[in-house]
Amino acid sequence: MLDRYWYGEVERISPEAPVPIVKIDREEERAGGAANVARNAAALGAQVTLLSVVGADEPGARLEALLKRERVHPQLHHDRGVKTTVKLRVIAGRKQQLLRVDFETSPSHEVLASKLRDFERTLGDVDVVILSDYGKGGLTHIVKMIGMARRAGKTVLVDPKGEDYSRYRGATVITPNRLEFRQVAGSWKDERELTELAQQLRRKLDAQALLVTRGEEGMTLFQDGTRFHVATQAREVSDVSGAGDTVIATLAVALASGARMKEAVRLANRAAGIVVGKFGTAVVTPNELFGEGGGRKDE
């Protein structure tokens, strides 16, 4: 999806309705959704291919150009039957969001079937697969995709959406946020109950790991018989939009680079703490993550 930001100042209320009039003086565009995951991975130095569907329209062309500029290889199907998903945000001053307008339609089954063939052809060239589910219809064939990737011996990370997690069965790691996890597993009173619910869900989905991102509480990794928690490292929170994208992208790059799961989670948590200090969908650079020079720091 394409994230568009219109910035301006509010100087008066409209005489037509009790709403502010925003005089736009600056516009900005960023790759959003799964494209934001891709640009986050590329910003950390990974070689990234993005498979997706966009409209045969101006936003789709702009999104492809943005991805190429950020060193992502886009394999986008331009479908005349859909509109590219666009989230338009109207911002007053520097950070006050007044309005968001969404434009979107779902791609056809035939188009998605053709992308499934592209997915199968691309598998041999990758180390890690990220399936970023935004509930927009682009992952209709996710069950087949997970099966293909696992049979090919690939690590599969899923950022879930909705209440039907059975479609993610067999993924290596599933990364729900706190609200998403509660919708599927139910509420908990304490850490013991949280652990029980998480391990039940992990076993049910036959996943190696479940990573629950918990906002200001940090994130907790659940593996077979183990629980690993890291506290948040956010110094100042400006905007949490896109933080989940940064988490799964950093986790994937770390695992592809040979990091163990706990080390990858530490890095993802550190990256999340950095990106929430930025406004809008943003990326984390190696220098920000590791310090000057981009070299690894000892934990």
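The values are calculated or read from the model by the stated rules, or taken from the named source; none is laboratory data. All values reported here derive from a predicted model rather than from experimental measurement. When we count neighbours, we look across all protein chains shown, and the Cβ atoms used for this are built from the backbone with ideal geometry, even at glycine. Note: areas computed on protein heavy atoms with side chains; ligands, DNA, RNA excluded. Shrake-Rupley method; radii C 1.70, N 1.55, O 1.52, S 1.80 Å.
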State the Cα centre-to-centre distance between the range 96-110 and the range 161-196 in whole Å.
26
I need the shape label for the range 133-290. Rule: rounded when a/c is under 1.5, else prolate if a/b > b/c, else oblate, with a, b, c from the alpha carbon gyration tensor.
rounded
Antiparallel bridge percentage (DSSP; both residues within the range 1-130; nearest 5)
55
Can you sort HIS109, HIS141, HIS77 by 1.4 Å-probe accessible area, starting with the largest?
HIS109, HIS77, HIS141
Can you give me the solvent accessible area of LEU116 with a 1.4 Å probe, rounded to the nearest 10 Å²?
20
Given 0.36 nm per residue, what is the gain on full extension from GLU27 to ALA259 after removing their alpha carbon distance, in nm?
79.6 nm
Just to be sure I understand: with springs between alpha-carbon atoms less than 10 Å apart, which residue in LYS278, LYS23, LYS144 has the highest mean-square fluctuation in the Gaussian network model of the chain?
LYS23
Report ³J(HN,Hα) in whole Hz for each residue of the range 32-46, in order, from the Karplus equation J = 6.51 cos²θ - 1.76 cosθ + 1.60 where θ = phi - 60°; Gly and Pro get x.
x, x, 4, 5, 5, 4, 4, 5, 5, 5, 5, 5, 8, x, 6
So for the range 76-134, using the alpha carbon gyration tensor with a ≥ b ≥ c as root eigenvalues (a/c under 1.5 gives rounded; past that, a/b versus b/c decides prolate or oblate), I'd call it oblate
In degrees between 0 and 90, to the nearest 10, how far off the longest principal axis of the chain does helix 142-151 point, with axes built from Cα atoms?
40
Accessible area of LYS136 in the full protein assembly, 1.4 Å probe (Å², nearest 10):
60
Working with all protein chains in place, sort THR155, THR246 by solvent-accessible area computed with a 1.4 Å probe, largest first.
THR155, THR246
Pick out, from HIS78, PRO160, TYR134, the residue whose Cα sits farthest towards the positive end of the charge dipole of the chain, with +1 on the Cβ of Lys and Arg and -1 on the Cβ of Asp and Glu.
PRO160
Is any residue of the range 71-100 close enough, with backbone N under 14 Å, to a label point placed 7 angstrom from the Cα of GLU11 along the Cα-Cβ axis, and if so, which?
93
Greater than 22 Å apart at Cα, pairs in LYS95/LYS278; LYS115/LYS154; LYS161/LYS189; LYS23/LYS136; LYS154/LYS262; LYS161/LYS204:
LYS161/LYS189; LYS23/LYS136
Cα gyration tensor shape of the range 95-206, rounded if a/c is under 1.5, else prolate or oblate by comparing a/b with b/c
oblate
Report the extension gain between ARG203 and ARG71 in nm, rounded to one decimal, defined as 0.36 nm multiplied by the number of residues separating them, less their alpha carbon distance.
43.8 nm
Apply the Karplus parameterisation 6.51 cos²θ - 1.76 cosθ + 1.60, with θ equal to phi minus 60°, to every residue of the range 274-284 and state each ³J(HN,Hα) to the nearest whole Hz, in sequence, with x for glycine and proline.
7, 6, 6, x, 10, 8, x, 5, 9, 10, 10
The chain: most fluctuating residue of ALA152, ALA198, ALA272 per GNM, C-alpha cutoff 10 Å
ALA152
